[in-house]
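All remarks here apply to the structure that follows.
The values are calculated or read from the model by the stated rules, or taken from the named source; none is laboratory data. Because the structure is a prediction, the values reported are computed rather than measured. Neighbour counts are summed over all protein chains in view; Cβ atoms, including those assigned to glycine, are modelled from backbone coordinates with ideal geometry.
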Amino acid sequence: MLKSPLLLSILLVLIPLSSSDPNPPTLAHAELTNYGFPIGLLPVSVQSHTLNQTSGEFFVHLGGACRLTLPPDNYLATYSNKIRGKIEQGRIAELDGIRVRAFFKWWAITGIRSSGDNLVFEIGMVTAKYPSKNFDESPECDGHKSAA
């Protein structure tokens, strides 16, 4: 019998996420859903993560830097080997380690908010809103496609 409510909640989150997907979500992906975000905000290359349940501070370690294309407008993005930030229900702040190329320049994504069926990406004082459903699946890093 499970005595830990945290363990039970993690198991309940992982059960619906499990499928025949050759790249099942990691615990870091499951944590995203606990806070109201889709798993596609992180690439499949997550190696490990830490999360301070009290402060919300997190660190995600990828298997190296990651370059990919973000939907729906096909923006080129780069993820550093280490991503850090602070997460709470519906909001990721103090984000460091994700950059996107737009208007011929690289911009750091500093925060992400969940707003109904949309995600609002913060780039300094500027925001961009996209449907959450565009991030339902974790993307593969360019050059790291899994064999299917």
query: Thr54: of a type in the set (Ser, Thr, Tyr) and in a loop (DSSP other than H, G, I, E, B), yes or no?
result: yes
- prompt: Quick one: what pairs do we get from segment 39-52, first residue in contact (Cβ under 8 Å) with a residue 24 or more places away in the chain, second assigned to a helix (DSSP H, G or I) and of a type in the set (Phe, Trp, Tyr), C-beta under 7 Å, 6+ apart or different chains?
  reply: Gly40/Phe135; Leu41/Phe135
- line: Scanning segment 46-60 for residues that are under 11 Å from His29 (Cα atoms) and among the hydroxyl-bearing types (Ser, Thr, Tyr) gives Ser48
field: Top-ranked residue in segment 68-84 [being surrounded by 15 or more Cβ atoms within 10 Å (Cβ to Cβ) and in contact with a Ser or Thr (Cβ under 9 Å, 6 or more places away or on another chain); ranked as farthest from His29 (Cα to Cα)]
entry: Tyr75
query: Out of segment 58-67, which residues are surrounded by fewer than 17 Cβ atoms within 10 Å (Cβ to Cβ) and closer than 13 Å to Leu32 by Cα?
result: Phe59
Criterion: over 12 Å from the mean Cα position of the chain (by Cα) and over 17 Å from Cys141 (Cβ atoms) - qualifying residue of Thr69, Thr33, Thr54: Thr54
- request: Scan segment 112-131 for residues that are more than 14 Å from Gly36 (Cα to Cα) and in a strand (DSSP E or B) and report the count.
  value: 8
Complete set of residues in segment 85-94 that are crowded, with 18+ Cβ neighbours inside 10 Å and under 18 Å from Tyr130 (Cα atoms): Arg91, Ile92
- line: Checked segment 100-113 for anything modelled with pLDDT of 95 or more and crowded, with 17+ Cβ neighbours inside 10 Å; matches are Ile109, Thr110, Gly111, Ile112, Arg113
